[in-house]
Amino acid sequence: MSSYCGSTALVSASGELDADAGQALQAALDSVTADEQDLLVDLHGVAVMDADGLLHLLDVHRRAECLGLRVLVTGWQPQPQQCMAQVAGIPGRGSATSPPRLSRGKDASCS
């Protein structure tokens, strides 16, 4: 589900973030216009995430940065945060709701 507030596009995910979630995440990012400056991905409704879901989330992050968007992922629940820590080695700041902030900027993968 996507919504907008000023220059921020909000993508709210729910259920399981797995291999099947990729199309929905990509479709949400496809709806972002040039008017948006920020992408806020809300994971409050995601209780379970596997490695495929994490890869989809990271791909959305990479694509959003290539569009010049600043990205913030919020609402991490315990299991998805644990998956992030195990698969990507990014443990967050010690709380299920305080994930690492993902930085803005273009890199070589955007070419």
Solvent-accessible area per residue for the range 30-79 (1.4 angstrom probe, square angstrom): 46
What Kirkwood hydrodynamic radius do you get for the range 1-97 when you take the inverse of the mean 1/r over all pairs of distinct Cα atoms, in Å? 13.3
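The values are calculated or read from the model by the stated rules, or taken from the named source; none is laboratory data. Keep in mind that what you see is a predicted model, and the values were worked out from it rather than measured. Accessible surface areas use protein heavy atoms only, side chains included; no ligands, DNA or RNA. Shrake-Rupley method; radii C 1.70, N 1.55, O 1.52, S 1.80 Å.
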